[in-house]
Each structure stands twice: as C-alpha cells, then as structure tokens.
Amino acid sequence: MRKYLSLVLALCMAFGMFACTSTPATTGPAAKDTATTDTAAGAPAVETLKIGVVCPISGTSAIAGKYITHGVEVVEQELGGKINIKGTDYPVQFIYMDNEASEEKTTNVFQKLIEEEGVIAIVGPDMSKCALAAGSIAQNAGCPVVCTFATNTAVTEIGDYIFRACFIDPFQGQVAATYCWNTGYKTAAILFNNADAYATGLTDAFISSFKALGGTIVASEEYSGSDVKDYNVQLTKLAANNPECLFLPNLLGEMPLQIQQARAVGMTCPIVCGDSADTPEVASVAGAAVEGVVYVSAFSAESTADAAVKFVQAYIAQHDGESPNSNAELAYEATKMVVYALQNAPELTRTSVRDTLATISNLELPSGLITVGADRNPIKGAVIMEYDAAGVSHFVTAVNPS
Amino acid sequence: MSTFLQYLIYGLQLGSVYALLALGYTMVYGIVGMINFAHGDFLMIGALGTFFIAKLFTSFNIDGTYPMLIVAVIIIIAMLGTGAIGVGVEAIAYRPLRNKPRMIALITAVGVSMFLENFPRALPFIGPNPRSFPTLFKTVRYSFLGASITSTQIIMISLAVVVMVGLYLLVNKSKIGAQMRAVSMDKDAAALMGINVNRVISITFFIGGALAAVAGICYASVYPQVEVYMGSWLGTKSFIAAVLGGIGDIRGAMLGGFIMGISEIFATAVNSTFGYAVGFIILIVILLVKPAGIMGKLTKEKV
C-alpha cells in the first residue's frame, strides 16, 4: 500500500516538475510539412522561416512575459502564418521560449534556438541582465537578436548582431531627470537596487543628467537584491533629507512596495519611476499610494497616431479587452523590425537580415518613426505617464531624444 | 532618538516574522529531531491560502477592508488549513523515514520544500505571478515618542509575543506538553509509557504549520505581495534565527528571531548593502562562542 502511495506521489512530483520546465512552444499555422510537400511536388523549395521569441513566460516576471507573448501574437495574426517576401509566401513559425527571467535559462534557450531550431532571428529577451548573459552566444553564432526591453547600454555593445526596440537606460534616466527639472524640482533622492543592471543604469544616467541641468541629489540609498522587501530604513533616511522628488528606478518585484512604504514612512514628495512601473500590478500592490506616481514609458495606449491606434485595437480585440502596455508594444515593434528586415533583406540569411536591420530608417511603428542608429540603438521618443487615484495611468507629456 | 526608536519598531516587525517561523523549526527539531526545511514554504502556503480564502469572502469586503469577524474567520481557516498540510506532509513524507538515518529525512525535507514551491507554481489557478495581498487589518498610524507605529505592526509584534508565551505554557504546563517533552527525550520510552508518539508528532507539525500561517499573514500584511517563492529566503533566515537562539528551545527561537530582525534593520541603517549579510555574520560569531546557540544546551550526540 505504502509503495503504491509513494509511487503515486513520485509521479505527482515528476508531473509538477515537468509542468514547470516544459516550455509552451506554439507552432504557427504553417508547419514544416508544407515545405516538404512543396519540394515533393517539384515546386521551388520554400523553407519555413523560424523566429525565436524569448521572454519570461513563468517565474517572477511572468506578467511581463504574458504581455510580450500577446504583443508578438498580434504580429503573428497580422501575418497569418506566412510572410510575403518579394512575391513569394514563406511559411513563418514563431517559437516561444521561456527564460524565467534568469540569466542561465536565457543562455540555454538561446543555444537551443540557434543550434537546434535554426531560427533566422530572435526577438527578446526583455531584461538587460538576460540579454547581457546570452547576447554573446548569438553574436558568436551570427544570429541577429532584437531585444524588446533591454534598456542597459552595454547590451548592444556586445556586438553587431544585437539590436533593441526600446530606448536605452541613459535616455530613460535622462528623460526622468529632464522631466523632474522641467517640473521645477531642484533636489532629488534615489533608492535603487545595486545588484541589478537596470536599476544602476538608470541611476547613473539620472544622476549625471540631473546634475548637468543644475539639480542636486540630496541623498541616495541602495539595497542588494530582489529578495529584499523591507526598505523602511533607507526610506526613513531619504525622507530626513526632504527631497523635492524621489526617483525609484527599480523592477516590478520591488518598486510597488517601495511606493507604498515611502508613503508609509511619511514621504509626501512626488515619486518618479522607470518604465518598469508600466503595468497594472503596480497599482494593485501599492494601493492608494500609487496616486500621482509618474513614470517614463516607451508608449502610451492613449496615443492618437495611426499605427498606434491600429495596434491597440488589434491587440484589444485579440486578447479579450486587455490593454497593451510597453512590454507588449515593444515586443510588437521588435517583431515588426525583424519582419521588415526579412522582407527587405537581399538574401534570407542571418547576416543579410542583420545588415538590413542596421539600415532601418523611418519605419512607421506604434511609438512613431523608428530609425536604427549607428550603435544599433533605435532613435525614438518617450512619454511620461501618471497614475490617478484609481490606479489607471494617463499620458502627461512626450519627451524626444536630444 | 526618534530614528533609533523607529528602526527598533521596524526591527521588531521583521523580527516577529522570523520568530514565528523559527518557533516552528525549533518545535519540530526539539520533538522529532529533524530539520524541516519545508517550513518556510508553510508560510507561503499560509499567505497564498489566505489570499484565496479572502477572495472567497470578497462579498464581505467593504471599502477595501473586511469586518473583524470575517478577518478572524479567514485567519482561522488559513491556520487550520496550513496546519493540516503540515500534518499531511509529516504523515506522507517524514513518518515512513522516521527510523532511517537522519540524513535521509533531511534530504526529503529539501525535496518537500521544492515540491511545495513548484507544485503550486504549476497549477494554473496559482501560477508563478506575484499577487497583491488583500488588506485584512486597517492601518491606523500612531505617533509614539517621535516614531510612528501602525496598528498592523502592533498586532504583529504582540501576536508573536502572545503566541510564544502560549506555546511556552502549552509545552511546560499542559498534558500534551508533557507528552511532547517525553517524546523529545526518548521516543521509544515515551511509547512504552502509553504515549501515542504519532499523535504527538502530528500535533507538533499542526502547531508549526498554524504558526507559519500566522507569520505568512503578518508578513504579507506589511509587504503586500505574495508569490510561491516567498517562503524560501524567509525560511532560511528563520532557520538561522532558530539556530542562533539554540535550536530546540522555544525562548531561544523567539530571541533569535528578534535578534535577526533588529540587527538586520540596524545594519541596513549603517550600510544598506551590508544589512542582508549581517544575520550570517552573527550566526558565525555566536556559533564560535557558544556552539549550541544562545539558549541551547550542548548535548553529546551518540553516533
């Protein structure tokens, strides 16, 4: 009896582990068979184009992964399983891979996509730390990568095969600093995670830009790692300096708690966040404290540009009324960049796709016209958003690259 | 002075969570003689469970808070549920290994911990997403000698102290407590005296699970984000707290928990990157000076 019980439990456990590690790999409507049948019939061989999508489908950043997947799915639906390249329809397959927001997993899935699946390009990952860990694999293999949300400067410095759809950290820190200064705040305080490339990148840029504009950083406090959930001490120390604004350039796991705790320790100054604040989760954790929090964002769903309206409508229709956030929008833009490169590349090789990506100029996408710069960073604008009392964010102002 | 007091309050707040969890580690170690590494995950089950139970009671939710009676019902259900899971884990995973070498039970405990973290993660209605914890206690802010203290913090700290005193009395004054002490001294002799060892151990795990649920609710009320991995780090730190105070001793667990919480906060105040490591440094220093922990008695282990 006991033996059976333990067998059942062992199976149960094995199932649990399997369910965690298995990656949902959706196959596009056009599977590989189409290509083989074509060849058999004597028609010109049409190879299936595979595009890898790497994002955190599970793990601590699963919310971001959900939006990214949904964003790519909008392109997938637009394409309808095939991509028209110079008059020929090529079947296209998107391979979604889960990196659980971890560096090691990203490295593994990059290897798998490049070596085993033979993808022509990769969309993602969304996090700087993951892109920094896995980027060199793609670079060495010569596979073009368009990161969605990896805003750290060092990401595209890995090599000439690494691109991104988002603006870079310095620009984001610069936008936040410019916004603070223009709004009339002369002093600022910062609380940041010193173990995270995103937070430190934003912090450095904010400090240098804010100082250059004439502002003063009255206090700066750090904490190490996303396991820390108690910031009362640091916030109490910051509050003692009476800053005119508080900059929280941290990730989603920490920043909502910081907003809540900042208000709880009696800080009343305006709070400015990075683009990680662009998700409804912030309001549900921070509660009433979220009112008035502003953040830098890549995109506003309230934008009235044609491409933006078209994207937002398609997204909402496809995903049961869910509104897209920056994660979804950047995933859409990154995928569109890859599709554009495929359609305009002289040959269907990874190198050729890379060369075409590097020459993208004034491509019309939801956030505006995108040009890929010499350093493979896109030249595009940013917006400032503000949360209202109900936890809904609204467009405040647009900031353009200078 | 007011800053010092304020930090002390934060330290007590964090310490009370560590203490409540450390009590579970210490009870199980004291009575069964094994380290239940899955104990931190009982906290997660308590907190996540509370999240779902509170969802069932949403119709009672008025203006974002629940009436006191409903809160009490939610907490009691969560405590009973987590306690029952504790009993179940013991009966399924630990009981068959009770007379095997200790290392086997220890490794099983690590396995149980992984299972408890990853199984809920694989369930579609729980999943890996962090969720925001509902407001169970209305936060009222009091000013006290220049420092501010909230009603939630008062509830947490006093709850930890009350539970510790209650547990101490239970173990030292009640009949079941006498049975627990007997089992802790010698399982076989206790069985010969007519004590139902299995029942005593089940009760121990039940109490441990229920305490972990209380700790989870407290923790999630102050840091309102719950996810399946929240128990792992807290579990490690509380285990350190239990060892620090002298594992197996109830007062020691309490003391260790508060020492860990307060020292972490004060170390963070000195240097914020240093705060996280301070618990380990204290542990090493204390174990060098007093290997059995602050309250622990050194016993020779027969091999």
Check your understanding: Which sequence of A:PHE163, B:PHE115, A:PHE171, B:PHE125 reflects their accessible areas, 1.4 Å probe, from the largest down?
Key -> B:PHE125, B:PHE115, A:PHE171, A:PHE163
Practice item. May I ask for the accessible area buried between chains B and A, both sides summed, probe 1.4 Å, to the nearest 100 Å²? Key: 3000
Review point. Check A:HIS319: other-chain or 5+ apart residues with amide H under 5 Å from its amide H, H built from backbone geometry?
Key: none
Study note, to complete from the structure: Between the Cα axis of helix A:255-264 and the main Cα principal axis of chain A, the angle (0 to 90°, nearest 10) is 20
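Tell me the per residue accessible area of chain B using a 1.4 Å probe; a whole number in Å² is fine.
44
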Review point. What ³J(HN,Hα) values, in whole Hz, does the Karplus curve 6.51 cos²θ - 1.76 cosθ + 1.60 give for the range B:115-122 when θ = phi - 60°, with x put for Gly and Pro?
Key: 4, 5, 7, 8, 5, x, 5, 7
Review point. Charges only on Cβ, +1 for Lys and Arg, -1 for Asp and Glu: so what's the dipole of chain A about the Cα centre, in debye to the nearest 20?
Key: 340
Review point. Hey, got the dipole for the protein assembly as shown? About the Cα centre, +1 on K and R Cβ, -1 on D and E Cβ, debye to the nearest 20?
Key: 3320
Point to revise | Virtual paramagnetic centre 7 Å along Cα→Cβ of A:ALA305, amide N under 17 Å, in the range A:359-383 | key: A:360-373, A:377-383
Review point. Magnitude of the Cβ-charge dipole of the range A:170-297, K/R +1 and D/E -1, about the Cα centre, nearest 20 debye?
Key: 400
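At 222 nm, what value in deg cm²/dmol follows for the protein assembly as shown if DSSP H runs of at least 4 each add -39500 (n - 2.57) and the sum is divided by all its residues, to the nearest 500?
So the helix-based figure for the protein assembly as shown works out to -17500 deg cm²/dmol.
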Practice item. Would you rank B:ARG102, B:ARG131 by solvent-accessible area, highest first, keeping every protein chain in place and using a 1.4 Å probe? Key: B:ARG102, B:ARG131
Check your understanding: Residue farthest toward the positive end of the dipole of the range A:170-297, with Cβ of Lys/Arg at +1 and Asp/Glu at -1: which of A:SER297, A:THR216, A:ALA199?
Key -> A:THR216
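First check a/c for chain B, with a ≥ b ≥ c the square roots of the eigenvalues of its C-alpha gyration tensor; if it is under 1.5, answer rounded, and if not, answer prolate when a/b is larger than b/c or oblate otherwise.
Cα axes put chain B in the oblate bin.
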Point to revise | Per-residue SASA entry for B:PHE206, accessible area with 1.4 Å probe, Å² rounded to 10 | key: 70
Revision key, fill the gap. Output field shielding_mean for A:227-239 (other chain Cβ, 10 Å radius) holds 6
Check your understanding: What accessible area, in Å² to the nearest ten, does a 1.4 Å probe give for A:MET127?
Key -> 30
Revision key, fill the gap. Computed over chain A, protein heavy atoms only, probe 1.4 angstrom, the accessible area per residue in square angstrom equals 38
Exercise for review: Sequence neighbours fewer than 8 away in the same chain don't count; with that in mind, list the lysines whose C-alpha is under 27 Å from A:LYS66.
Suggested key: A:LYS32, A:LYS50, A:LYS82, A:LYS105, A:LYS112, A:LYS129, A:LYS229, A:LYS310, A:LYS336, A:LYS380, B:LYS55
Check your understanding: What residues in the range B:122-144 lose 50 Å² or more of accessible surface when the other protein chains are added to their chain alone (1.4 Å probe)?
Key -> B:PRO128, B:PRO130, B:SER132
Check your understanding: Per the Cauchy relation, a quarter of the hull surface: what is the mean projected area of the convex hull of the alpha carbons in the range B:160-235, in nm²?
Key -> 6.2
Check your understanding: What list of ³J(HN,Hα) values in whole Hz, one per residue of the range A:57-69 in order, does the Karplus curve 6.51 cos²θ - 1.76 cosθ + 1.60 (θ = phi - 60°) give from phi, with Gly and Pro shown as x?
Key -> 6, 10, x, 5, 10, 4, 5, 4, x, 5, 5, 4, 4
Check your understanding: Within the P(r) computed for the protein assembly as shown, what percentage of the Cα pairs occupies the region above 35 Å?
Key -> 49
Review point. What is the mean number of Cβ atoms from other protein chains located within 10 Å of the Cβ atom of each residue in peptide A:265-271, rounded to a whole number?
Key: 1
Practice item. Leaving ligands, DNA and RNA out of it, work out the accessible area of B:LEU12 with a 1.4 Å probe and give it in Å² to the nearest 10. Key: 50
Revision key, fill the gap. Of the residues B:ALA22, B:GLY46, B:VAL71, the Cα lying farthest along the dipole of the range B:18-235 towards its positive end, which is defined by charges on the beta carbon of Lys, Arg, Asp and Glu, belongs to B:ALA22
Point to revise | Order of exposure, largest accessible area first, which applies to A:VAL92, A:VAL309 with probe 1.4 Å | key: A:VAL309, A:VAL92
Check your understanding: Using θ = phi - 60° and the Karplus form 6.51 cos²θ - 1.76 cosθ + 1.60, what ³J(HN,Hα) does each residue of the range A:212-227 get, whole Hz, x for Gly and Pro?
Key -> 4, 6, x, x, 10, 8, 7, 7, 9, 10, 10, 8, 10, x, 7, 6
Point to revise | In degrees, nearest ten, helix A:306-318 long axis to first principal axis of chain A (Cα) | key: 70
Study note, to complete from the structure: antiparallel share of DSSP beta bridges within the protein assembly as shown, to nearest 5, in %, is 45
Study note, to complete from the structure: Under 5 Å from the placed amide H of A:ILE271, counting only residues 5+ away or on other chains, we find A:LEU246, A:VAL294
Check your understanding: With point charges of +1 on the Cβ of Lys and Arg and -1 on the Cβ of Asp and Glu, referenced to the Cα centre of the protein assembly as shown, which listed residue (B:ILE217, B:ILE85, A:GLY368) lies farthest in the positive direction of the dipole?
Key -> B:ILE85
Review point. Anyone know which of B:THR65, B:THR273, B:THR204 comes out most mobile in the 10 Å Cα GNM of chain B?
Key: B:THR273
Practice item. Could you list which residues have their amide H under 5 Å from that of A:VAL396, counting only those 5 or more apart in sequence or on another chain, with H placed in the peptide plane? Key: A:ILE384, A:MET385, A:GLU386
Review point. Looking only at other chains, what is the average number of their beta-carbon atoms within 10 angstrom of each beta-carbon in B:5-18?
Key: 2
Exercise for review: Please report, as a whole percent, how much of the solvent-accessible surface of the protein assembly as shown comes from carbon and sulfur atoms (probe radius 1.4 Å).
Suggested key: 62
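The values are calculated or read from the model by the stated rules, or taken from the named source; none is laboratory data. Only a predicted model underlies this, so the values are computations on that prediction, with no experimental measurement involved. No Cβ is skipped: glycine too gets one built from the backbone with ideal geometry, and neighbour counts run over all protein chains shown. Side chains included, ligands, DNA and RNA excluded: accessible areas come from the protein's heavy atoms. Shrake-Rupley method; radii C 1.70, N 1.55, O 1.52, S 1.80 Å.
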